[in-house]
Amino acid sequence: NNKKKLKKKKIIYFGSIGPGHGLEHLVKSSKYYNKNISLLICGWVVDQKYYLKILKLIKKNNLQGKVRININVKDFTWKNEMTQSHLGVALYEINSLSHKYMFTASQKINAYLAASVPVLVTSTNDNKYYLKKYKCGFTTQLNSKLIGEKINRIFKNKKSYDKTKINSQKTFEKLFNFENQFLK
């Protein structure tokens with residue numbers, strides 16, 4: 001059998017585990033992923049009730065094999081997980097000005113780019129502007145099915161994905177790093 005074995009793809013969400021970050025949509029979207037794709041949520045709990053809601057959502061939808069959560073991890077752990085990931089997710093719910101204009105200020109997006117990981121962000125004018133300019137990621141709507149379908153398409157088009165991955169690295173090296181930003 002000459003069928004190529006599908007390489008496993010890991011999506012990572014890094015940051016606050018609480019409302020405003022599209023986590024419910026992201027967790028539900030894993031129902032629609034191709035079977036070689038999994039999701040890692042890596043961060044710290046800022047809202048215990050919300051965190052328990054996410055855990056229930058995973059269990060209720062039988063997603064334990066698709067979604068893993070690591071909380072309160074050390075720097076070297078999340079950085080290692082990030083460098084082994086294929087897509088970084090930053091789905092800010094637009095409930096404040098900072099979430100609407102988050103692209104250049106987001107520690108999460110910056111960490112993904114530093115790890116040469118393309119980003120998947122909420123489709124806002126600000127995000128679309130930066131992605132059009134730097135070609136380092138993809139946009140999606142805050143809808144579980146659309147997120148899942150978008151993620152499948154991202155990995156299906158290997159040529160586009162590889163180009164975006166290279167652009168992610170270049171964007172960080174040339175622009176969104178401390179040395180460059182400090183000079184400004």
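Would you mind getting me the FRET efficiency between residue 64 and residue 146? Use the beta-carbon distance for r and R0 = 30 Å, nearest 0.05.
Working: r = 23 Å, r/R0 = 0.78.
About 0.80, to the nearest 0.05.
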If you add up the charges near residue 141, with Lys and Arg at +1 and Asp and Glu at -1, over every other residue whose beta carbon is less than 11 angstrom from its beta carbon, what do you get?
+1
I want the local charge near residue 29. Using Cβ-Cβ distances under 12 Å, sum +1 for each Lys or Arg and -1 for each Asp or Glu among the other residues.
+3
By per-residue mean of other Cβ atoms within 10 Å, what is the highest-first order of 71-80, 19-28?
19-28, 71-80
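Which percent of the accessible heavy-atom area of region 18-67 goes to carbon and sulfur, probe 1.4 angstrom?
Reported share for carbon and sulfur atoms: 52 percent.
The values are calculated or read from the model by the stated rules, or taken from the named source; none is laboratory data. These numbers come from a predicted model, not from an experiment. Every residue, glycine as well, gets a Cβ built from its backbone with ideal geometry; the counts of neighbours run over all protein chains shown. Ligands, DNA and RNA are excluded from the accessible area calculation, which covers all protein heavy atoms including side chains. Shrake-Rupley method; radii C 1.70, N 1.55, O 1.52, S 1.80 Å.
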